[in-house]
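Trainee: Here it is, the structure in full.
The values are calculated or read from the model by the stated rules, or taken from the named source; none is laboratory data. Owing to the predicted nature of the structure, the values given are computational and were not obtained by experimental measurement. With ideal geometry, Cβ positions are generated from the backbone for all residues, glycine too; neighbour counts draw on all protein chains shown. Keep in mind that these areas ignore ligands, DNA and RNA; they rest on the heavy atoms of the full protein, side chains included. Shrake-Rupley method; radii C 1.70, N 1.55, O 1.52, S 1.80 Å.
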Amino acid sequence: MQKITLLVSILFLVFSCGVKTTQSLINDGDYDGAINRAVEALKTKKDSKGKQDYVYLLEEAFAKAKDRDLRDLEMMEKEKNPANLERIYNTYIQLNNRQEKIRPLLPLQLLKQGRNAQFQFDNYSDQIVSSKNALSKYLYENAQVLLKSSNKLDFRKAYDDLAYLESINPNYKNARKLMDDAQFKGTDFVNVYATNETNMIIPRQLQNDLLDFSTYGLNDKWTVYHNVKQKNISYDYGLILNFREIFISPEQIKEKEFTKEREIKDGVRTLLDSRGKPVKDSLGRPIKVDNFKIIKIRIFEFRQYKACQVTAKVDYVNLKTNQLMQSFPVASEYVFENVYSTYRGNINACDENYLGYFNKRPVPFPNNEQMVFDTGEDLKAKFKNIIVRNRFR
């Protein structure tokens, strides 16, 4: 019984809070927020006494929302400002959608008053079509004006207007073609290339890999990178990877010799006392104990080592003005290292995690070109990071 009472109390508290929140939304002027809460509450058991407050609140919120929208429309239509056309269209859509949200719940009874809640619905289809056509005409003509500009940001604004036009009025005149024109004109085209100021040859494969922007995933809606110039495209920016210095260390083999030792069990022996006589147990038998001995190993370790450091900078250039916009240093290093060992003595004296080095052998050192190429992965990651963090616009 106590559990049932507690459950009823909790449900009452939840319901009470929901009603208060809905009333608070109305008091704050958030009529559609109140409508949404009331509609959600009335989707189940709409005719129960416990839902009556929501019916009253829904009736009140709907009337106030409609009145405010109609007053706004009256003001905007009197102003005859083309900038209001989108808001006018959206307001008529809002008026219609609000009705359609409530319509499935009707009728809603007001039990104490013995009547149904009143919702004055109107047919806004003519106003929606008329305002959509007016807005479509405005967006189309405004986009045409913007497309005559020489500013890429105007082209992007034209694209956005045309995209919105397509969303509300698909296939309007030649809006799709104009969208394609706007996107092309609004796109920043970037020519990416490398220069070499070092006294070494940069492997062609490395350059191709670094400049293959299809693997970077950096192209976006308004920026396209090309590592090979294309005809009929006027490039806006240059992105230059300038190799400044390449240092490759000599091939080195470093030798190291060290000794390891370990105490291991080596059978058993008779325990002797201080006089050298066997120690016996209570039955008179000699006591046996583990016998230990020290084993040793001499290890000869060889470490092959060669390193390559590449220093470069990334230049951002405005190709329209031929001015350097900004520059970023970048450096990368690759280390070739191979460790192998031989030994003399007892291998059991060696640490287990070192044993693998005895199975290794010397390998040929990579040539200089390979060393430079092997810096590529790290260099590419740093190159990409610079571009991601420093967009052209």
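Trainee: What tally of residues in region 281-304 results from selecting those that are free of Cβ contacts under 8 Å to residues at least 60 places away in the same chain, open to solvent by less than 60 Å² (accessible area, probe 1.4 Å) and touching a strand residue (DSSP E or B) at 6+ places or on another chain (Cβ under 7 Å)?
Mentor: Matching residues across region 281-304 total 8.
Trainee: Looking at the structure I just gave you, is Leu139 hydrophobic (A, V, I, L, M, F, W, C) and closer than 30 Å to Arg156 by Cβ?
Mentor: Taking the combined requirement at face value, the residue satisfies it.
Trainee: Right, next: With more than 30 Å from Asn390 (Cα to Cα), basic (Lys, Arg) and in a strand (DSSP E or B) as the only criterion, which of Arg262, Arg275 stands out?
Mentor: Arg262
Trainee: Also: Would you say Lys231 is more than 30 Å from Cys350 (Cα to Cα), basic (Lys, Arg), surrounded by 13 or more Cβ atoms within 10 Å (Cβ to Cβ) and without any contact (Cβ under 8 Å) to a residue 40 or more places away in the chain?
Mentor: no
Per-residue answers, yes or no, for (1) in a helix (DSSP H, G or I); (2) of a type in the set (Ser, Thr, Tyr); (3) farther than 30 Å from Glu261 by Cα:
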residue	(1), (2), (3)
Cys308	no, no, yes
Thr311	no, yes, yes
Ser327	no, yes, yes
Ala331	no, no, yes
Glu337	no, no, no
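Trainee: How many residues are open to solvent by 60 Å² or more (accessible area, probe 1.4 Å) and either in contact (Cβ under 8 Å) with a residue 24 or more places away in the chain or at positive phi (or both) if we restrict to region 19-33?
Mentor: Looking only at that region, the number is 1.
Trainee: With the structure loaded, tell me whether Asn151 is without any contact (Cβ under 8 Å) to a residue 60 or more places away in the chain and either open to solvent by 80 Å² or more (accessible area, probe 1.4 Å) or under 30 Å from Leu42 (Cα atoms) (or both) or whether it fails that test.
Mentor: No: the conditions fail for Asn151.
Trainee: So which residues in region 154-165 are surrounded by 17 or more Cβ atoms within 10 Å (Cβ to Cβ) and of a type outside the set (Lys, Arg)?
Mentor: Asp154, Phe155, Ala158, Tyr159, Asp161, Leu162, Leu165
Trainee: From the set of residues in region 332-359 that are among the charged types (D, E, K, R) and touching a strand residue (DSSP E or B) at 6+ places or on another chain (Cβ under 6 Å), which is farthest from Ala381 (Cα to Cα)?
Mentor: Arg344
Trainee: Restricting to region 307-341, give me the number of residues that are touching a helix residue (DSSP H, G or I) at 6+ places or on another chain (Cβ under 8 Å), among the polar types (S, T, N, Q) and either within 30 Å of Tyr237 (Cβ to Cβ) or exposed (fewer than 12 other Cβ atoms within 10 Å of the Cβ) (or both).
Mentor: Counting residues in region 307-341 that are touching a helix residue (DSSP H, G or I) at 6+ places or on another chain (Cβ under 8 Å), among the polar types (S, T, N, Q) and either within 30 Å of Tyr237 (Cβ to Cβ) or exposed (fewer than 12 other Cβ atoms within 10 Å of the Cβ) (or both) gives 1.
Trainee: Further question on the same structure: Checking Ile201 against (1) open to solvent by less than 80 Å² (accessible area, probe 1.4 Å); (2) in contact (Cβ under 8 Å) with a residue 40 or more places away in the chain: exactly one of these is not met. Which one?
Mentor: (1)
Trainee: How about region 101-132: which of its residues are in contact (Cβ under 8 Å) with a residue 12 or more places away in the chain, not small (Gly, Ala, Ser) and not in a loop (DSSP other than H, G, I, E, B)?
Mentor: Result: Lys101, Ile102, Arg103, Leu105, Gln109, Leu110, Gln127, Ile128, Lys132.
Trainee: Quick one: which of Lys148, Lys137 is on the phi < 0 side of the Ramachandran plot, assigned to a helix (DSSP H, G or I) and not polar (S, T, N, Q)?
Mentor: Lys137
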